[in-house]
Amino acid sequence: MKTLILLLVLTMVGTQLRAQSADSLTVEEAIRSVTRTHPLIRKAKESVEAASARVRQSRSAYYPTSDAELTYTRLDPIGEVTFPGLGLFEMYPENNYDEHISLRQTLYDFGKTSASVDLNQTSMNADARTVELVSTDLAFQTIQTFYAILFLRQNLEVQGQEIDALNEHLLITQKKSDAGTATDFDVLTTQVRIAAEQNRRADIENLLQHQELTFRRLLGLPPDAPIRIKGSFDAPPVSMNPDSLLNAAQSQRTEILQSKDQEKLAELGEKVASLQDRPELKLELVYGLKNGIFPDIDVLRGNWVAGVEAKLPIFNGFKTRSEEEEAHAKVLSARDQTLNTARAVELEVQQSISDIRTNVRKIETSTLGLEQARQALEMAKVRYESGVITNLDLIDAQTALAEAELTRLSALHDYIISRYALQRATGENIIPAEE
């Protein structure tokens with residue numbers, strides 16, 4: 001019976017642990033969830049749909065337009081004329097009907113429609129870049145928040161271990177004080193350290209709550225939803241060739257590509273402005289039924305009209321010239337913006353490379369410092385038991401170990417964030433593919 005109960009308990013615990021593990025999000029799953037559901041991404045995609053509709057609107061100028069018109073007019077009095085020997089004639093009917101269908105087609109407009117289509121197509125491409133940019137920014141924010149939560153939770157574990165060690169040391173110190181081998185000063189010193197660590201723990205818990213709130217907002221979770229994540233700070237080394245990384249950034253960074261789209265958009269705007277004074281040639285066909293046609297003005301008869309219209313602008317108060325000047329200024333501004341964006345991206349890549357190298361050195365140094373702190377604490381315990389050092393010295397050694405653990409943990413956290421930052425800086429896709 002005892003064996004059966006033990007097996008049942010182990011089965012339940014294992015099932016619960018598997019369920020918790022299944023519910024826990026990895027950083028890749030969190031990124032995919034955010035980029036699928038975040039309203040900013042949906043907003044950006046809707047802007048692309050609107051831009052696509054504008055492209056279709058501009059292409060409509062290639063097609064003819066057709067209208068159907070039905071009109072009725074009542075006239076009174078009616079003009080009449082009398083001819084000797086012929087009688088009385090009405091000049092027009094009292095009830096006038098006119099039903100006709102018109103067809104209008106632009107035959108040639110010297111590239112105005114084509115330029116408008118290109119302008120709207122380029123605008124749509126720029127909006128599509130915005131979707132990529134927003135997705136990347138949200139993905140990187142998710143990464144930062146995800147690893148901040150991991151870091152703060154592990155930070156709390158270290159703080160908890162340190163507080164537990166201080167409480168254990170306090171008990172020993174109190175016993176020694178009661179036995180007369182330690183002073184009340186040693187007890188008070190330990191209590192002060194415990195209070196300080198508890199305050200520090202409270203600050204970390206507050207920071208953790210802020211990061212969890214941000215994480216819930218990114219994922220669209222309720223404010224009280226539990227945050228279950230799983231991950232580590234293990235990250236493979238990255239090869240860094242500054243020249244190749246800079247070249248990759250210049251060719252694939254979304255901000256640069258979007259800036260070039262804006263530059264092309266400005267150039268097309270200048271082209272559209274320069275075409276405003278070009279002539280247009282249009283064809284119009286109209287067919288319908290109407291009365292009022294002699295000799296029998298009350299009978300509906302078929303009739304048609306065909307015409308060609310040539311429109312040549314002559315003078316519009318220098319409006320076209322002003323629009324061209326405005327468009328040209330926008331072209332120069334867009335080119336300067338592209339140059340500025342390229343420089344900013346270059347700086348970001350260089351800073352990311354520097355951050356990675358610094359964090360690698362910090363990991364090596366902090367790993368060595370952690371091992372030294374552990375050895376120092378073991379030596380301090382032995383010397384404290386022998387009465388060679390004071391209670392304060394032992395507490396300092398314990399605090400140094402906790403600080404060394406936190407320093408290494410911080411270096412690992414900074415390293416993995418700097419790796420993602422380098423990927424983002426070079427335009428590499430940080431959004432994992434859908435499974």
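Every number in this text was worked out from the coordinates using simple rules, so none of it is lab data. If you're wondering where the values come from, they're calculated on a predicted model, not measured in any experiment. Every residue, glycine among them, receives a Cβ derived from its backbone with ideal geometry; neighbour counts consider all protein chains shown.
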Cβ-derived FRET efficiency at R0 41 Å, Leu285 paired with Ile314, nearest 0.05: 0.90
Translational diffusion coefficient (Stokes-Einstein; Kirkwood radius from C-alpha pairs) of region 270-329 at 4 °C, 1.567 mPa s, in µm²/s: 85
Region 181-307: relative contact order in percent, alpha carbon pairs under 8 Å with at least 6 residues between: 10
Length gained when the stretch Tyr72-Gln141 is fully extended (0.36 nm per residue, less Cα-Cα span): 18.3 nm
Span per principal axis, largest first, for the Cα atoms of region 113-181 (Å): 98, 11, 8
Phe185-Val382 FRET efficiency (beta carbon distance; Förster radius 22 Å; 0.05 resolution): 0.50
Between region 191-228 and region 353-427, the Cα center-to-center distance that results, in Å: 22
Pairwise FRET efficiency - Ala196 versus Thr365, Cβ, R0 = 22 Å, nearest 0.05: 0.30
Cβ crowding within 10 Å averaged over residues, with 194-202, 73-81 ranked highest first: 194-202, 73-81
For the chain, calculated [θ]222 nm from helices alone, where every DSSP H run of n ≥ 4 adds -39500 (n - 2.57): -24500 deg cm²/dmol
Fewest-first sequence of Leu221, Leu265 by Cβ atoms within 10 Å of each Cβ: Leu221, Leu265
Whole-number Å³ per residue for the convex hull built on Cα positions in region 264-406: 311
Angstrom value of the Kirkwood radius, inverse mean 1/r, which spans all Cα pairs in the chain: 30.3
For region 272-393: relative contact order, % (alpha-carbon pairs under 8 angstrom, 6 or more apart): 19
Over region 344-435, equivalent-ellipsoid semi-axes from the Cα gyration tensor in Å: 41, 13, 8
Taking all pairs of distinct alpha-carbon atoms in region 212-261, Kirkwood radius in angstrom: 15.0
Per-residue Cβ neighbour rank within 10 angstrom, fewest leading, Asp137, Asp414, Asp296: Asp296, Asp137, Asp414
Using alpha carbons only: equivalent-ellipsoid semi-axes of region 148-211, gyration tensor based, whole Å: 31, 10, 5
Loop-resident sites, region 247-355, for chymotrypsin sites (Phe, Trp or Tyr not before Pro), counting at most 16 other Cβ within 10 Å (DSSP): Phe315, Phe318
Percentage relative contact order, the chain, counting C-alpha pairs under 8 Å, at least six apart: 22
Ser251 versus Phe89: modelled label distance in nm, points set 7 Å from Cα along the beta carbon direction: 8.5
Coordinate range along principal axes, alpha carbons of region 27-85, Å, largest first: 102, 26, 11
Taking the C-alpha atoms of region 226-295, convex hull volume expressed per residue in Å³: 359
Helix runs (DSSP H) in the chain reaching 24 Å along axis by Cα, Kyte-Doolittle at least 0.5: 2-23
Environment charge at Gln211 (Cβ cut-off 15 Å; Lys +1, Arg +1, Asp -1, Glu -1): +1
